[in-house]
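The values are calculated or read from the model by the stated rules, or taken from the named source; none is laboratory data. Keep in mind that what you see is a predicted model, and the values were worked out from it rather than measured. When we count neighbours, we look across all protein chains shown, and the Cβ atoms used for this are built from the backbone with ideal geometry, even at glycine.
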């Protein structure tokens, strides 16, 4: 049994966002099924808890939890506001206000989304473009020599292609996820080992996709409170409410099974729904004392004022730590799994590469996490493509052919691939075809 509780803070980094009254009242209708005229007068009535609601006291309480002065007037609507917030949060003096039981300052995992290829943008989300948010937080971390890290967050594209909405399918409405990951490999020499799902949604298509590439998934948002929209969002009904991560079942990501990736539970802070409270924090400490392997993780968004969330969350951690006489320790999202689940340490994942005129053959030094690496190609026209390898030996050996069924070698600018292993070691390989230069990066 571990003698301390691993604590992981994930920020779903989505950049700028604003919310006009029309959007707020639409959200009210979607969550509670009532139509209220979208006026400033009615908005002020809501903020002052004076609006006439056709609910019993229990539902009224839930309504004002979701819509109040803390949730409606806190958006970072310009990049200047985001930057001002970041300048505070990245200060060592700020992190050290909230030290863990070992004297370490607060650690943040920035799971970055890319806002790309939208037709409309009602909430002025941004910046628009590949790598924009990823580059911002990567640069902050590097410049300030922070121990924070960047990971991956993705929003499935909705049928109406609006930037503030969520789709049900990762692939049917766009190839955005392939474009983003291909560009991360080719243009940034990077690939994620940790994932957090946009809108907290996973479905069979994303479940099986994640199972191929990412060992660590902070997706489970199973919660005992009211679930708005029925099963429209965050459908984790039936998933464990324990803080102990699990391997999902092949047929149902919410059930324990024999898939390879780990899924951890993650609740919200400073949000409308599925909010972390003292009872849940206490439960994590109780489960640890009972000998369970646990990770306490929580999330918020950089598009909102995050500063109050640190104080409230820290108070709960300190209170529980004292009550149960148990220490807690901040962790990077990948390291938390390694420590809590006592994963067997592995050497770096390496690849032997044989490049011929019409094929490339690849061998791994040990088993990859998924049956094949993620393959990325940039052609000479600047277009990015994702393909499958031909699998010679699952987890160990692959081949890709350059021919009329795929793309000739002389039309390729960069050929890249990336993979994790089950310890979360990440390897990115990028080959400059013209110069025959192979570049490897190990994370």
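Can you tell me which residue is farthest from residue 95 (Cα to Cα) among those in the range 118-147 that are assigned to a loop (DSSP other than H, G, I, E, B) and in contact (Cβ under 8 Å) with a residue 60 or more places away in the chain? Break it down stepwise before answering.
Let us first name the residues in the range 118-147 that are assigned to a loop (DSSP other than H, G, I, E, B), namely 118-119, 121-125, 127, 130-131, 144-147.
Okay, now just the ones that are also in contact (Cβ under 8 Å) with a residue 60 or more places away in the chain, so 122-125, 127, 147.
Details: 122: 34, 123: 30, 124: 30, 125: 28, 127: 26, 147: 11 Å.
Of everything passing the filter in the range 118-147, 122 is farthest from residue 95 (Cα to Cα).
If I filter the range 396-407 down to residues being part of a loop (DSSP other than H, G, I, E, B) and in contact (Cβ under 8 Å) with a residue 12 or more places away in the chain, which single residue comes out as nearest to residue 367 (Cα to Cα)?
Here is the first cut: in the range 396-407, the ones part of a loop (DSSP other than H, G, I, E, B) are 396, 402-407.
Retained after the next criterion (residues that are in contact (Cβ under 8 Å) with a residue 12 or more places away in the chain): 396, 402-403, 406-407.
Working: 396: 6, 402: 25, 403: 28, 406: 26, 407: 28 Å.
Out of the qualifying residues, it is 396.
Every residue, every condition in (1) touching a helix residue (DSSP H, G or I) at 6+ places or on another chain (Cβ under 8 Å); (2) at pLDDT 95 or above; (3) under 23 Å from residue 209 (Cα atoms), yes or no:
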| residue | (1), (2), (3) |
| --- | --- |
| 319 | yes, yes, no |
| 328 | yes, yes, no |
| 336 | no, yes, yes |
| 342 | no, yes, no |
| 347 | no, yes, no |
| 364 | no, yes, yes |
| 377 | yes, yes, yes |
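Within the range 166-216, can you find the residues that are touching a helix residue (DSSP H, G or I) at 6+ places or on another chain (Cβ under 8 Å) and in a strand (DSSP E or B)?
Within the range 166-216, 194, 195, 197, 216 qualify.
List pairs: first in the range 344-363 and touching a residue at least 40 places away in the same chain (Cβ under 8 Å), second loosely packed, with under 14 Cβ neighbours inside 10 Å and in a loop (DSSP other than H, G, I, E, B), Cβ under 8 Å, 6+ apart or cross-chain?
That search, which allows pairs on different chains as well, returns 355/436; 358/403.
Hey, residue 27 hits all of (1) surrounded by 13 or more Cβ atoms within 10 Å (Cβ to Cβ); (2) modelled with pLDDT of 85 or more but one; which does it fall short on?
Of everything listed in (1) surrounded by 13 or more Cβ atoms within 10 Å (Cβ to Cβ); (2) modelled with pLDDT of 85 or more, residue 27 misses just condition (2).
From the list 394, 373, exactly one residue is outside the structural domain of residue 180 (by TED's automatic domain parsing), at pLDDT 95 or above and out of contact with any strand residue (DSSP E or B) (no Cβ under 9 Å at 6 or more places or on another chain). Which is it?
Working: 373 fails: out of contact with any strand residue (DSSP E or B) (no Cβ under 9 Å at 6 or more places or on another chain).
Of the residues listed, the single one that is outside the structural domain of residue 180 (by TED's automatic domain parsing), at pLDDT 95 or above and out of contact with any strand residue (DSSP E or B) (no Cβ under 9 Å at 6 or more places or on another chain) is 394.
Taking the range 270-287 on its own, how many of its residues are buried (at least 20 other Cβ atoms within 10 Å of the Cβ) and either at pLDDT 95 or above or under 17 Å from residue 201 (Cα atoms) (or both)?
Start the filter on the range 270-287 by keeping residues that are buried (at least 20 other Cβ atoms within 10 Å of the Cβ), which leaves 270, 273-274, 276, 280-281, 284-285.
Within this subset, residues satisfying the condition of being either at pLDDT 95 or above or under 17 Å from residue 201 (Cα atoms) (or both) are 273-274, 276, 280-281, 284-285.
Summing the residues that are buried (at least 20 other Cβ atoms within 10 Å of the Cβ) and either at pLDDT 95 or above or under 17 Å from residue 201 (Cα atoms) (or both) in the range 270-287 gives 7.
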